[in-house]
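The values are calculated or read from the model by the stated rules, or taken from the named source; none is laboratory data. Computed from a predicted model, the values in this text were never measured in an experiment. Note that we place each Cβ from the backbone using ideal geometry, even for glycine, and neighbour counts take in every protein chain shown. The area values use the complete protein model at the heavy-atom level, side chains included, leaving out ligands, DNA and RNA. Shrake-Rupley method; radii C 1.70, N 1.55, O 1.52, S 1.80 Å.
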Amino acid sequence: RSTGIGSLPAISGANLTSLTAGNLTGTLPAINGANLTGISSGLSEVDMWRLVADFTQDAQPITQSFERCDTDNHEKIGTGLSFSSGVWTFAVTGLYKITFNSQHRRNGENPSLEQVIQISTDGGSNWSTTAKGYPTLQEYTSTVYSSGSCHCLLNVTGTASNFKVRLFISNASDAYTNGSTSQNRTYILFERLGDAQ
């Protein structure tokens with residue numbers, strides 16, 4: 001209700017900290033996009049890539065072809081990452097959740113598989129293992145399938161392109177890692193959760 005004394009300033013974080021019952025004497029401004037500064041609609045960067053074809057045995061790192069998921073209305077949000085020769089490179093700083101899911105099959109005995117996420121923060125000169133998973137395939141005489149996931153958080157700061165990610169599959173002497181151009185079987189998902197910390 002207007003009291004005729006005046007109008008309050010536009011709503012912002014700075015102004016909301018000083019509002020008290022004593023100074024609520026004016027008319028609140030209309031709530032619109034101009035006043036609601038700093039409020040976003042959700043994640044600003046999401047990108048998902050999948051292995052396009054099967055491969056067998058170890059890959060340290062995986063250099064086989066990946067494609068950005070592009071069927072059934074799949075789409076990225078934001079700039080996304082670039083991919084070349086088994087390495088993903090960031091374009092935008094931020095705190096990212098990274099998910100690596102791999103799917104496998106085999107016929108015969110085989111030890112546990114190992115899936116690995118490695119990161120570099122210096123443009124690819126040095127790499128460190130940040131996450132591991134073990135999508136075990138049981139011993140059986142016919143074809144069996146398995147999948148597993150591992151995850152990590154990566155704080156991409158400074159020059160985003162210095163931050164890179166690659167994937168490993170190990171201990172896969174008689175196993176296949178499954179890929180597809182129409183379904184997500186072996187894939188990596190990048191989700192920007194917020195600003196760099």
>> Using a probe radius of 1.4 Å on heavy atoms only, what accessible surface per residue do you get for the range 84-167? Whole Å² is fine.
In response: 45 Å²
> Of all the accessible heavy-atom surface of the range 54-131, with the other protein chains kept in place and a 1.4 Å probe, what percent is carbon and sulfur?
Replying inline: 38 percent
> With θ set to phi - 60° and the Karplus curve 6.51 cos²θ - 1.76 cosθ + 1.60, what are the ³J(HN,Hα) couplings of the range 183-194 in order, to the nearest whole Hz, using x for Gly and Pro?
Replying inline: 9, 8, 10, 10, 8, 10, 10, 10, 10, 7, 7, x
> Using the beta-carbon distance between SER147 and ASP122 and R0 = 22 Å, what value does 1/(1 + (r/R0)^6) give for FRET efficiency, to the nearest 0.05?
Replying inline: 0.10
> Sorted by packing (mean other beta-carbon atoms within 10 Å per residue), highest first, where do 150-157, 43-50, 70-77 land?
Replying inline: 43-50, 150-157, 70-77
>> Quick check: with the 1.4 Å probe, what order do TYR96, TYR187, TYR176 take by accessible area, largest first?
In response: TYR176, TYR187, TYR96
> Rg and Dmax of the range 38-197 over Cα atoms: what are they, in angstrom?
Replying inline: 16.1, 59
